[in-house]
Amino acid sequence: MSHPAHITTLLKEGRVFKPSAAFAKAAHVGGRAAWDALRRKAAKDPVRFWEERARELLWAKPWRKALDWKFPFAKWFVGGRLNVSANCLDRHLDGPRANKAALVWEGEPGDQRTLTYRQLHREVCVFANALKRLGVKAGDRVAIYMPMVPEAAVAMLACARLGAPHSVVFAGFSAEALRDRIQDAGAKVVIAADGGWRKGAVVPLKAAVDEAVAQCPAVEKVVILRRTGQGVSMKDGRDVWWHDAVQGASADCPAVGHDSENPLFILYTSGSTGKPKGVLHTTGGYLTHAAYTARLVFDLKETDVFWCTADIGWVTGHSYVVYGPLANGATVFMYEGAPMTPAPDRFWDMIERHGVTVFYTAPTAIRAFVRLGGEHPAKHDLSSLRLLGTVGEPINPEAWLWYHEAIGGGRCPIVDTWWQTETGGIMISPLPGATPTKPGSATVPLPGIEAAVVDREGNPVPKGAGGLLAVRRPWPGMLRSVWGDPERYRSQYFSQIPGCYFTGDGARTDKDGYFWILGRVDDVINVAGHRLSTMEIESALVGHPRVAEAAVVGHPDELKGQGITAFVTMRGGAEPVTSEELKATVTKAIGAIARPDVVRFTESLPKTRSGKIMRRLLRDIASGEKPTGDTTTLEDFAALARLQAAQEE
Ligand code: 7RM
């Protein structure tokens with residue numbers, strides 16, 4: 001696969017927001033001088049900088065060597081031993097944190113639970129002992145297929161305690177997807193629930209487990225949490241209820257140190273081929289990166305209530321619901337269900353009731369809230385919030401500004417965090433007390449991270465020009481391999497730009513060195529020799545006051561090579577607009593070169609379950625073809641069907 005490195009970028013966004021003096025004063029990194037000092041230190045000796053971060057953790061045995069880098073394979077903190085669960089739990093039991101809330105949880109039906117650090121520690125120890133009794137040992141893989149309930153975090157931490165790598169499979173995935181992931185990882189135990197609550201209904205999980213495990217002969221035991229209470233069938237000798245498994249299990253489970261390079265988890269991402277790609281993360285480096293970024297990017301303080309809305313089935317849930325915040329002794333808020341159930345103000349109601357101070361969500365969610373209108377957040381007192389974050393996609397400036405005003409009351413900094421499943425933790429982001437932000441930019445790489453916009457030879461492209469987003473040095477949270485397929489690891493990430501990790505994303509830097517992510521390079525369109533970023537055109541469309549969301553793709557055009565098709569959804573209750581008006585909006589914001597040839601109005605856009613627009617499918621539709629390829633990660637089949645039907649009319 002080769003990508004022309006040059007991407008024409010046209011969109012200009014000039015607004016700058018500085019952190020308030022009050023925010024800066026109280027922040028971990030407050031103001032320019034502190035930020036510069038940190039950056040200088042990291043640039044001077046990055047490996048030493050990361051060693052200092054690693055020393056903030058609890059080690060059972062110190063490392064011999066900080067980094068062993070045999071391109072493209074890295075080992076961090078070689079020879080060191082630590083226990084991730086002890087870092088997230090035991091470490092906080094000596095002082096006043098012991099009785100502080102670690103998890104504050106709300107189920108979709110409205111049930112609530114709070115677990116202090118002491119209580120969470122106890123539950124993890126008991127469950128780890130239960131897993132031991134079921135035969136789980138260090139190195140054994142365990143699949144987790146659970147709704148967003150406290151036991152999901154307990155299961156992950158119990159696996160970490162034993163040194164048994166977990167593979168969390170998002171509970172919205174089908175039996176087939178679960179089967180493929182269990183098989184690929186060679187999991188011998190599956191932890192699941194009878195079901196979970198979503199949009200007022202029970203999502204059955206046990207039935208999917210039965211269907212999947214029937215084709216997984218390596219699975220010895222299945223542990224089932226009773227969450228919803230609906231009838232399920234239990235297979236004798238294989239299946240055991242969670243509450244039975246923990247009967248009589250001791251609360252004493254010593255946290256032995258595991259090798260720094262022991263696998264901590266495998267997390268599957270959809271690759272371009274049908275075969276799931278198991279991204280492998282290990283112990284010491286991953287936790288160092290997750291803990292450091294959680295602390296500095298979210299400015300975590302003893303008094304914070306941190307809510308990251310991601311499901312634990314995604315990397316964001318691993319790093320910023322579980323490992324990063326708990327390693328910092330923070331209070332995590334966790335919610336089981338859908339954002340609009342029972343009413344469109346569910347999120348804002350929970351922020352008010354639980355006093356959430358730091359809120360981290362995805363642009364796709366923000367755009368959905370924009371569409372519903374500002375009256376829902378306006379009904380609630382959101383004054384507990386002090387910091388907002390986004391992740392998952394480029395956020396268009398209009399949605400950024402709405403988030404800033406309607407949710408943040410104009411007073412909360414926004415951290416736009418760029419990172420990937422593969423990077424383990426945040427890579428490019430503002431530090432909220434120091435970095436001036438520009439709506440739509442993730443700003444600059446964090447201290448210790450050497451990201452750059454380069455051409456195919458790995459040379460930096462000039463400021464203002466678009467290119468490929470690469471990372472030029474190893475970092476502790478980086479993936480170590482693709483599970484069972486080191487060759488795929490090498491070819492996927494390290495063969496396209498000499499000496500660099502290639503992210504798959506396009507980006508440009510502006511005159512201040514700020515990074516603007518242009519989306520996946522596969523999504524770039526080529527109009528009459530100009531490579532245009534779909535994201536910039538989408539951003540211009542969403543700048544129109546009546547547009548909620550836009551997805552732009554190329555379609556074949558005899559004259560120009562590719563033409564531009566824009567799919568748009570309208571804000572709730574908005575007056576209709578004409579295609580001509582929207583085309584003119586793009587011409588005005590970017591220029592005639594980016595003017596869409598076709599505008600198609602639709603009720604919704606096809607998205608992955610983590611909210612990313614599936615442009616691949618829209619490309620097929622725009623080209624007048626039947627959508628092909630893998631659709632197992634699609635959130636809403638109906639959206640795709642409606643678009644296809646419209647095409648056939
Ligand atoms: C954390 C996560 C990774 C891809 C990545 C980008 C896109 C993520 C941002 C973003 C622009 C951001 N992991 N992406 N964050 N694009 N600005 N702040 O999302 O593996 O599921 O996806 O998501 O394309 O390569 S992921």
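What the table shows:
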quantity	calculated
Residue ranges of helices (runs of 4 or more DSSP H) in the range 25-102 with at least 1 members free of Cβ contacts under 8 Å to residues at least 60 places away in the same chain	31-44, 46-54
Cross-chain or 6+ apart pairs with Cβ under 6 Å, the range 534-557 first and in a strand (DSSP E or B), then modelled with pLDDT of 90 or more and among the polar types (S, T, N, Q)	548/569; 549/569; 553/565; 555/565
Which numbered condition residue 370 misses (of (1) under 18 Å from the mean Cα position of the chain (by Cα); (2) away from the ligand (no atom under 16 Å from the Cβ))	(1)
Selection within the range 606-649 - modelled with pLDDT under 70, touching a Leu at 6+ places or on another chain (Cβ under 8 Å) and hydrophobic (A, V, I, L, M, F, W, C)	634
From 392, 355, residue being surrounded by fewer than 22 Cβ atoms within 10 Å (Cβ to Cβ), of a type in the set (Gly, Ala, Ser) and in contact (Cβ under 8 Å) with a residue 60 or more places away in the chain	392
Looking only at the range 426-441, and only at residues there that are of a type in the set (A, V, I, L, M) and near the ligand (Cβ under 10 Å from one of its atoms), the one that is surrounded by the most Cβ atoms within 10 Å (Cβ to Cβ)	426
Number of positions in the range 442-500 that are of a type in the set (Ser, Thr, Tyr) and within 14 Å of the ligand (Cβ to nearest atom)	2
Answer residue from the range 508-561, given it is more than 16 Å from the ligand (Cβ to nearest atom) and of a type in the set (D, E, K, R) and is nearest to residue 445 (Cα to Cα) among those	512
Cross-chain or 6+ apart pairs with Cβ under 6 Å, the range 496-511 first and over 13 Å from residue 452 (Cβ atoms) and assigned to a loop (DSSP other than H, G, I, E, B), then at pLDDT 95 or above and within 14 Å of the ligand (Cβ to nearest atom)	496/502
Failed condition for residue 316, given (1) within 16 Å of the ligand (Cβ to nearest atom); (2) without any contact (Cβ under 8 Å) to a residue 40 or more places away in the chain	(2)
Matching entry among 310, 365 (being touching a Ser or Thr at 6+ places or on another chain (Cβ under 7 Å) and modelled with pLDDT under 95)	365
Whichever residue in the range 376-425 is of a type in the set (S, T, N, Q) and more than 20 Å from the chain's Cα centre (by Cα) and, among such residues, is farthest from the ligand (Cβ to nearest atom)	383
Complete set of residues in the range 319-359 that are among the hydroxyl-bearing types (Ser, Thr, Tyr) and more than 16 Å from the ligand (Cβ to nearest atom)	331, 335, 341, 357
Any hit, the range 114-135, residues being closer than 21 Å to residue 283 by Cα, among the charged types (D, E, K, R) and buried (at least 24 other Cβ atoms within 10 Å of the Cβ)	no
Subset of the range 512-560 [at pLDDT below 85 and out of contact with any strand residue (DSSP E or B) (no Cβ under 9 Å at 6 or more places or on another chain)]	558, 559
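The values are calculated or read from the model by the stated rules, or taken from the named source; none is laboratory data. Keep in mind that what you see is a predicted model, and the values were worked out from it rather than measured. Neighbour counts are summed over all protein chains in view; Cβ atoms, including those assigned to glycine, are modelled from backbone coordinates with ideal geometry.
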